[in-house]
Structures are given as C-alpha cells and as structure tokens.
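Participant: Would you mind keeping the following structure in view while I ask a few things?
Quick note: the coordinates plus some simple rules give every number you see, no bench work behind them. It should be emphasised that the depicted structure is a prediction, and the values quoted were computed from it without experimental measurement. Cβ coordinates were reconstructed from backbone atoms using ideal geometry, including for glycine residues, and neighbour counts include every protein chain displayed.
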Amino acid sequence: MVFPWLLVIGLLVAMRRLEGWLHQHIFKVGWLITKNLHTTTILYYTFFLPGVVFHEFVLWLVAGVFNVRAERAIAWPEAQAIAELKLNFIRLSKNTSAFKVAVISVAPLLAGIALIAFVLTSVMDISGIRILIASGSLDDVNVAIGRLTATPDFWLWFYLIFAVANTMMPEWDKLKGWRPVLIVLGVGVVLLFLLGVGDELFVEAFTGPLATLLSLLAGSLIGVIAINLVMTGVLGGIESLIERVTGDSATFQNGKLVAMRREEILKQKEQARQKQQKQLEAAKNAPKTPGGPPSIYKLPLPIPGAPGKEAEALPRPAVATLQPTPGDDRAGPVMITGTATPKPPADEAAEE
C-alpha cells in the first residue's frame, strides 16, 4: 500500500536532482556560445519560456481563486552566474498565510503533471508504446520508437513537456504550510488503523481510482526523467565539442559558473585525482590500531622485575641537593660541629 507513494516521492526527488544537472549543462552551453553572462541569462530564460509562462500563469490563477493579491513584476532578467530560474514574475502579498502560500506554490507542480500526463497518454499514446517496449524484443522497441516519433508535431510536444517539466517544481521553503495538514493526516491514519478499519479503507483506495491516478503519475514522472536524461546527454556532447574546438571551458564552484580554460580544468582534475590517490596510499600504509572498546590491558604500563630484583628494576629517585650558585658571595648556613652528649635518664637526674 505504501509502495506507490514511495515510488512517486522517489521519482520526484530523482527528477529534482537531475533537473539541477540539466540546468547547469544548459547554462554552460549558453556561456560557451556567447561568452557573456547577461546574454547567457537571457537565452537561459528564453529556452524555458513556455514553462516559465505556464508556471507564472497557474500561480496567478490559483492566487485569484484564494483571493490573494498577486502583483506582476515582469522585468528583463538580470545577469546571473547561477544556473537557476528565478520565477518571481508573480509576487504574492506579504500578508498571505503560510498555508495559502504552500497551496499556491504547489499548484504549478500539479498542473504541470496533469498537462504532461495528458500529452503522454492522449497525444503520444505512451501506454501502447510502453507495452511494446516491455516485450523486450529489439524489433518491438524499434517499432515503438518509430510510432512515438511519428506522432504529429512530435518535437513540438517533446519541447513543451521538457520546458514545463523543468519549471514546475516549487521552492521547498514555501511548502512549510503543509506541515500541520500532514500531521493531521498522519494522526488520522494512525487512528483508523487503531480502530481496525485502516486496512479495509486503504485496500479499497489503492485498488480503485487512486491506484490508477498514482500509476499515471508515476508513468508521467518516468517519462519526464527519460526526456531529461536524453537532453542531458545531448547537451553534454555539444558542450564537449565546443570545448575541444575553442579550448574554452567553465565549471561550477559553489553553484556559480567560473570561466576557465579546458587545460586548466583537466589539470585540476588530474591534481585532485593524484591527491585522492595519495590519501588512499597513506591510509593503506598507516599502522593499524587495534580495534574494540578501550581496555586497561592496552595501556603501556611499566612491568616490574623478577622477585628479589624489584629494587634493581626500578630506578632510585634522585635526591635534590642545594648547590651554591657560581659568583654568589653570600655565606652559607653555619654548621655546628662536635659530639652530641646523650641525655641521662629521668630517674638518675632525680637522685642527683
């Protein structure tokens, strides 16, 4: 019962991670072509223009449904060195509650998934293509690819899915308003299981329309991840080709684009590899320390000698003596010489 939800969450996390790599490749290719951060930023936003427009329109529409004031702040993108779309063309009122902000922020994600699912199922007939691919036959795979690319305006739909999928993810810090709702839902689920009706309700839910919806959602996310993987490979090839032809390159350090020559990047990678190899060799040649918990038997305590030879085994303590300081004219202590007379006993002294 929990597996479909975990699958969807895992696919969303994977798509988020892959999206970051993809954006970096796109931004880097733009810089390699233009060598100008401002021009690269404009091309970067233009490349995702359908997704940006879709995201901001859904945000504005849902804000109107919740009667939240949404101001338009459409402006030319400023130069940036970070491969990240700043989708702030529609700004919500500062007095909006955290829950409304969370609901409005997640609306582009839900609308984007719905649009992608519609295109994949109704336009591209992805279900029939998936059945052909699942057979495992190379001929069926070729037939599936041919049927997919034969879809009318296939590349236009491909680009639309790509642009929407990579602009629909919300900012995580704006989803804090969902915490109370999730806590209430979690408590409700626990109470249902304690009352003994949770199993029956969840079995009916996951074998009905909800199961179909989760399956469609998972299939749509898998399709988006496949498209992003293809685009990442294509952009990586273009990037390598431009670097070899021009000799220019760039890398991302702490999320920011840093322009460098290709030779410098290769040199840095070689130095990092050698450093890592030296660390591995040093760790391999280091003396192994005994493992296990601390024990008194592992302390380096002195070992006494054999019986009768303890005094010889242990060094005699040194006796401190006072030595006159060179050049000191002061006289030392006066020594009383002579023989001491023993004192008579008490009874003899009484007789005298």
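Participant: Sequence-distant or interchain residues sharing an amide H contact under 5 Å with A250, placed H: which?
Facilitator: Amide H neighbours of A250, under 5 Å, 5+ apart: M260.
Participant: While we're on this one: Work out the length of the dipole vector of the stretch 3-246 about its Cα centre, built from +1 on the beta-carbon of each Lys and Arg and -1 on the beta-carbon of each Asp and Glu, and round it to the nearest 20 debye.
Facilitator: Computed about the Cα centre, the dipole is about 800 debye.
Participant: Want the number for T39 to M260: 0.36 nm per residue separation, take away the alpha-carbon distance, what's left?
Facilitator: Numbers: separation 221, 0.36 × 221 = 79.56 nm, distance 1.83 nm.
Between T39 and M260, full extension yields 77.7 nm more.
Participant: Taking the C-alpha atoms of the stretch 95-192, how large are the radius of gyration and the largest Cα-Cα span, Dmax, in Å?
Facilitator: Cα-based Rg and Dmax for the stretch 95-192 come out at 19.4, 59 Å.
Participant: So what's the gap between the Cα centers of the stretch 251-273 and the stretch 3-44, to the nearest angstrom?
Facilitator: So the separation of the two Cα centres works out to 19 Å.
Participant: Let me ask something else. Listing H38, H23 from the residue with the fewest other Cβ atoms within 10 Å to the one with the most, what is the order?
Facilitator: Working: H38 13, H23 18.
Least to most surrounded, the residues fall as H38, H23.
Participant: A further question on this structure: Taking amide H atoms as placed 1.01 Å from N in the peptide plane, list the residues 5 or more away in sequence, or in a different chain, whose amide H sits under 5 Å from that of I90.
Facilitator: Amide H neighbours of I90: A73.
Participant: May I pose another question? At 0.36 nm per residue, minus the direct Cα-Cα distance, what do I131 and N95 gain on full extension? Give it in nm, one decimal, please. Numbers along the way, then the final one.
Facilitator: Working: separation 36, 0.36 × 36 = 12.96 nm, distance 5.03 nm.
Contour length minus Cα-Cα distance gives 7.9 nm.
Participant: Label L109 and A81 with points 7 Å out from Cα along Cα→Cβ: what is the distance between them in nm?
Facilitator: 3.1
Participant: Continuing with this model, one more query. How would you order 125-135, 96-106 from highest to lowest mean count of nearby Cβ atoms within 10 Å? Present the calculation step by step, with values, prior to reporting the outcome.
Facilitator: Working: 125-135: 14.6, 96-106: 17.9.
Those peptides, ordered most packed to least, come out 96-106, 125-135.
Participant: Which pairs in the list K28/K174; K35/K86; K176/K267; K174/K267; K94/K256 are over 32 Å apart, alpha-carbon to alpha-carbon? Write down the numbers at each step before the final one.
Facilitator: Details: K28/K174 28 Å; K35/K86 21 Å; K176/K267 44 Å; K174/K267 41 Å; K94/K256 29 Å.
Cα-Cα > 32 Å for K176/K267; K174/K267; rest within.
Participant: While we're here: Would you work out which of G10, T149, L92 lies farthest towards the positive end of the dipole of the stretch 3-246, given +1 charges on the beta-carbon of Lys and Arg and -1 on that of Asp and Glu, about the Cα centre?
Facilitator: With unit charges placed on the Cβ atoms, the residue in question is L92.
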